[in-house]
Amino acid sequence: MKKIVILGAGAMGSAFSVPCITNNNNVKIFGTHLEDDFIKKIIKNNNYHPSLNINISKKVKFYKYSYLNREILNEQDLIVIAVNSKGIEWAVNELTKHLHDSKLPHLLLLTKGLSIHNNRYEVLVEKMKRLLIKKNFKKIDITAVAGPCLAGGLANKVHSSVIFANNNIKIANYLKKDIETDFYHISTSTDIIGVEVCAAIKNIYSMIIGASKEISNTVLDKKIKEKNYFNTSAALIKQSLNEMEIIVRHLKGNKKTVYGLAGLGDLYVSSIGGRNSLMGSYIGSGLTYSEAKKNKMKNITVEGAELAFEIGRYIKKDFNKKTMPLMMSMLDVLINDKKLKINWNNFE
């Protein structure tokens, strides 16, 4: 039995507790400073999680942020970071507030994203390490998690496959042993760059695949399109993978990762449902991003759009429309607020 703390009580952080507790680990979930009322409701309603629509096992203990302290963190074998990408700084501050270098346990990063630092791309494992080093930490070990695993499915114990990536494969395998179950299947890799880049940029591509029904034929009857847009989806998926490979190679990741769980697998899951795909369907129907955001998804975070705003101008500088027609089309839609227009002639 391992002692595990999960920082973040959202859908994925809470769903991740399911394989952990199934594997007889001791699990505590701490909300962020923004989740006090949310945590209070979960505890009051017998661990019912409204986003997952299930009751989390009573063996999993939920706590408000204010209960996080040195004693709790010091005794853990694993700390799981399950905040959104903008919460990485908060998570690092909390760790450094309550721990010192010799007491920093293994860290597992569920958060997906890609950022810019000093005019270069930075995956979140690198970002977290940089922030911890700045706080005088040296014994830092972070494993990234990626793959086609939606929180609702995981919470309901459907068969799910993910990948744990760490430069030290022994640590990835060590964590696999303590978390893997008969429904949560874990592969391991040393390709942190490839895994994290795929996990992030697939959100942009899943938006355009989400638009496939609408853009498959602009004059075709809606009922006919419902049954006949799959050719378009397949073409978009193939081109998305081509472009993801270009980006992964550019950032020195392994191109084979693109065709595994972190790339193809996660792209498939994200493109058939979820917030990015939904935004894509609105954009495909002829709305600009700002129109769709304001009128259809006002209070919903769209990860692909947030990533485009973060790294878009660097992508435009490093790549071109000829080799990456889908990415450039989506950047025009998101950053320049144009309507979607795809150059099919540039597909590989």
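3J(HN,Hα) along the stretch 59-76: 5, 8, 9, 9, 9, 6, 3, 5, 8, 6, 8, 4, 4, 5, 6, 5, 8, 8 Hz, from the Karplus curve 6.51 cos²θ - 1.76 cosθ + 1.60 with θ = phi - 60°, whole Hz, x for Gly and Pro. Quick one: go through the stretch 196-215 and flag any residue whose amide nitrogen is under 12 Å from the point 7 Å out along the Cα-to-Cβ line of residue 116. Within reach of a label on residue 116: no residues.
Here the 3J(HN,Hα) profile of the stretch 31-39, calculated from phi with Karplus coefficients 6.51, -1.76 and 1.60 at θ = phi - 60°, is x, 7, 5, 9, 10, 4, 5, 4, 4 Hz, Gly and Pro shown as x.
Label separation (residue 136 vs residue 86): 3.2 nm, computed from points 7 Å beyond Cα along the C-beta direction. For the chain, a Gaussian network of Cα nodes joined below 10 Å ranks 189, 115, 51 by mean-square fluctuation, and the top entry is 51. By the rule of a C-alpha distance below 17 Å, with chain neighbours fewer than 8 residues away ignored, the aspartates and glutamates paired with residue 316 are 122, 243, 245, 306, 332, 337.
Helix 88-98 and the longest principal axis of the C-alpha atoms of the chain enclose an angle of approximately 10°. Can you give me the angle between helix 169-179 and the longest principal axis of the chain, using Cα atoms only, in degrees from 0 to 90, rounded to the nearest 10? Result, in degrees: 80. DSSP assigns beta bridges within the chain; of those with both partners inside it, close to 25 percent run antiparallel. Full extension of the chain between residue 219 and residue 285 gives 22.6 nm of extra length, using 0.36 nm per residue less the Cα-Cα distance. Helix 192-210 and the longest principal axis of the C-alpha atoms of the chain enclose an angle of approximately 40°.
Between the stretch 151-212 and the stretch 239-311, the alpha-carbon centres lie 16 Å apart. Select from 305, 144, 234 the residue whose mean-square fluctuation is largest in a Gaussian network model of the chain (Cα-Cα springs shorter than 10 Å). Maximum fluctuation in the GNM of the chain, among the listed residues, is at 234. In order along the stretch 263-272, the phi-based Karplus estimate (6.51 cos²θ - 1.76 cosθ + 1.60, θ = phi - 60°) of 3J(HN,Hα) comes to x, 4, x, 5, 4, 4, 4, 6, 7, 9 Hz; Gly and Pro are listed as x.
Taking amide H as placed 1.01 Å from N in the peptide plane, the amide H of residue 80 sits under 5 Å from that of 5, 6, 7, 108, each at least 5 places away or on another chain. Cross-link pairs exceeding 20 Å between alpha carbons, from the set 321/341; 298/341; 127/255: 298/341; 127/255.
Between residue 44 and residue 341, the modelled label-to-label distance comes to 5.3 nm, taking each label 7 Å out from Cα in the direction of the beta carbon. When the Gaussian network model of the chain links Cα atoms closer than 10 Å, the mean-square fluctuations of 190, 218, 96 top out at 218. Only one of (1) 62, 42, 36; (2) 57, 42, 41; (3) 62, 46, 45 was calculated from the structure for Cα extents along the principal axes in Å, and its label is (1).
Read-outs: derived from the displayed coordinates by stated rules, not from any lab. Because the structure is predicted, anything quoted here is derived from the model rather than measured. Note that we place each Cβ from the backbone using ideal geometry, even for glycine, and neighbour counts take in every protein chain shown.
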